[in-house]
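Bear in mind these aren't lab numbers, they're just calculated from the coordinates by the rules spelled out. Just so it is clear, the model here is predicted, and its values are computed rather than measured. Cβ placement follows ideal geometry from the backbone for every residue including glycine, while neighbour counts extend to all protein chains displayed.
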Amino acid sequence: MHRNPKGTRDFYPEDLLQRRLMTEAWRRVSLLHGFDEIDGPTFEHLDLYTIKSGEEIVSQLFSFTRPGGDDRYALRPEFTPSLARMYASRARQLPSPTRWFCTPTFFRAERPQRGRLREFMQWNVDVIGDPSPDADADVIACAIDLFRAFGMNADRIAVHISNRHIVAGLLTDTGVADDHLDAALALLDKKARMSAEDFQREAAAIGLDAQRLDEQLRQTQTRLEQGQGEPASDHEAHLMGVIARLDAMGLADWRRVDLSIVRGLAYYTGTVFEVMVAGERAVAGGGRYDNLVELFGGPPTPAVGFGMGDVVLSLVLADDGLLPAGADLLERLSQPMPTRPDAFVVPSGNEEAEAALPGVLASLREAGLHARRTFKATRKLGKLLGDADACHARFAIIIESATHATVKNLVAGDQREDVPLSELTSVIA
């Protein structure tokens, strides 16, 4: 009797419906947050991955050469290089920022283990072209809302946020030489999987005073978490900006400053984060990769994003009894997908309106409404309403103050003024 290949799965009818529930939840949350769906080829030229990671990556891929041909290909192990290639090829035609998501199948030639298989689906969410802390917070908020959609709360799930530049600076302060920084960051990334003795031995070999570093990390982490004093660098200011934006979205309970997070991939350039289950298991991770688009022939372009695999997500949901079956599963799958934007939100230009924007967006999305926002510096209402029409939104919300907004029905052409912000969801719904 033949078995399925090692590291793959068979999906019988209800299994496939449960996976569809997860992938449609990914799509729904992405759309609610104003991201557009993309995809690329299942296989790419092998050098797309060796350019970024070197020839040593080949052993981790399913690579091949077509019989009679010379080109080397690989089944895609991740999407970020494809995304960077796609953006670079049309950078001048794409909006800034570009907000993309995808839910493709990937392949990795690694030893299978719980939560990691050789064939899997992954949700990727990225903002390209926005260097601000707001972009980092936007992708993190999207990840959080996926778990809220499944009924999980901040007691179970938290996003641990760090910044590689801050950690690298602390490593330098504790005596690590510049030529050992990459090795030190890689060592910190695998610390949780090592014995204390092995970590101490490898740390000593690269001049890392582990005890001193731990103390520096704790002090800096506490200061940033509590927002104490002025930021000591632009990188601290950026991280504090991410935290402030998340708090303005009402997500303070879901985030932690955790400078032990550095992420292993060398292309991360600043913010890094992991979504942790009960503080011990990562179910998603990502960060800022501001140099990658340029590496693939595009202009210098800031970018930030994350990935979440279906294997580990299914295990977490099953452990918590959150994967429905039978009629409940079918009922959940019958919900319409919110493809058309319900609202396009525009602050009128004053400081109160700008400050209210994150909370308005968060409340609309929490109510299951597809809300988009302007990213243009202009506050000329005619231009912004043109953008609302271009994305086919049903309503435009013009935030006038900290408490009220004007709601314009873009289908019927009428509008309501002085609508309390607390009533926007009911008016739009």
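Normalise the Cα radius of gyration of the chain by 2.2 N^0.38 Å (N = residues in it) and let me know the number. The partial results should precede the final answer.
Values: Rg = 22.7 Å, N = 429, 2.2 N^0.38 = 22.0 Å.
My calculation over the Cα atoms of the chain gives 1.03.
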Compute the longest continuous run of the chain that contains no exposed trypsin sites (Lys or Arg not before Pro); treat a site as exposed when its DSSP state is not H, G, I, E or B and it has at most 10 other Cβ atoms within 10 Å.
-> 115-379
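To the nearest 20 debye, what charge dipole does segment 309-394 have about its Cα centre, counting +1 at the Cβ of each Lys and Arg and -1 at the Cβ of each Asp and Glu? Walk me through the intermediate numbers first.
Details: 10 positive and 12 negative charges, 133 e Å.
Taking the Cα centre of segment 309-394 as origin, the dipole is about 640 debye.
Using DSSP H assignments, which helices in the chain have an axial alpha-carbon span of 20 Å or above and a mean Kyte-Doolittle hydropathy of 0.0 or higher? Spell out each step's value before the answer.
Details: long enough: 13-32 (28 Å, -0.46); 133-149 (24 Å, 0.66); 210-225 (22 Å, -1.64); 234-248 (21 Å, 0.12); 351-366 (24 Å, 0.09).
For the chain, where a helix must reach 20 Å along its axis and average at least 0.0, the hits are 133-149, 234-248, 351-366.
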Quick one: Cα centre-to-centre distance for segment 293-311 and segment 72-111, in angstrom?
-> 7
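Please list, by residue number, every one of the chymotrypsin sites (Phe, Trp or Tyr not before Pro) in segment 1-81 that is coil in DSSP and has at most 13 other beta-carbon atoms within 10 Å. Could you put the intermediate results ahead of the total?
Values: sites: Phe11, Trp26, Phe35, Phe43, Tyr49, Phe62, Phe64, Tyr73, Phe79; in loops: Phe11, Phe35, Phe62, Phe79.
Answer by residue number: Phe11.
Just want to confirm a number: the relative contact order over segment 35-327, from Cα pairs under 8 angstrom separated by 6+ residues, in percent. Numbers along the way, then the final one.
Numbers: 478 pairs, mean separation 68.0, N = 293.
Taking the mean separation of contacting Cα pairs over the length of segment 35-327, I get 23 percent.
Taking square-rooted eigenvalues a ≥ b ≥ c of the alpha carbon gyration tensor, is segment 195-347 rounded, prolate or oblate, where a/c under 1.5 means rounded and, failing that, a/b exceeding b/c means prolate?
Details: a/c = 1.78, a/b = 1.42, b/c = 1.26.
Prolate is the answer for segment 195-347, as a/c is 1.5 or above and a/b outweighs b/c.
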So how far, in whole Å, is the C-alpha centre of segment 322-395 from the one of segment 47-64?
-> 39
For segment 343-428, rounded, prolate or oblate, judged on the Cα gyration tensor with a ≥ b ≥ c (square roots of eigenvalues), a/c < 1.5 rounded, else prolate if a/b > b/c?
-> rounded
In terms of the Cα gyration tensor, with a ≥ b ≥ c the square roots of its eigenvalues, is segment 97-164 rounded because a/c is under 1.5, prolate because a/b exceeds b/c, or oblate?
-> oblate
Report the antiparallel proportion of the DSSP beta bridges in segment 343-428 as a percent, rounded to a multiple of 5.
-> 55
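How large is the helix-only mean residue ellipticity at 222 nm for the chain, computed as the sum of -39500 (n - 2.57) over DSSP H runs with n ≥ 4, divided by its residue count, in deg cm²/dmol to the nearest 500? Walk me through the numbers before you get to the answer.
Working: 15 runs with 167 residues, N = 429.
So the calculated ellipticity at 222 nm is -12000 deg cm²/dmol.
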For segment 141-177 and segment 218-261, compute the distance between their C-alpha centroids and round to whole Å.
-> 10
Using the Cα centre as the reference, give the magnitude of the dipole from point charges on the C-beta atoms of the chain (Lys, Arg: +1; Asp, Glu: -1; all else neutral), rounded to the nearest 20 debye.
-> 1100
For Val411 and Ala154, extending 7 Å from Cα along the Cα-Cβ vector and measuring point to point gives, in nm, a value of 3.5
Report, for the chain, the % of DSSP beta bridges that are antiparallel, rounded to 5.
-> 80
Which of Thr220, Thr403, Thr23 fluctuates most in a GNM of the chain (C-alpha springs under 10 Å)? That residue is Thr403
Residues Gln335 and His2, FRET efficiency given R0 of 30 Å [Cβ-Cβ distance, rounded to 0.05] | 0.20
Which whole number of Å³ per residue matches the convex hull of the alpha-carbon atoms in segment 1-124?
-> 154
Links exceeding 31 Å between C-alpha atoms in this model, out of Lys190/Lys376; Lys52/Lys191; Lys52/Lys380, come to Lys190/Lys376; Lys52/Lys380
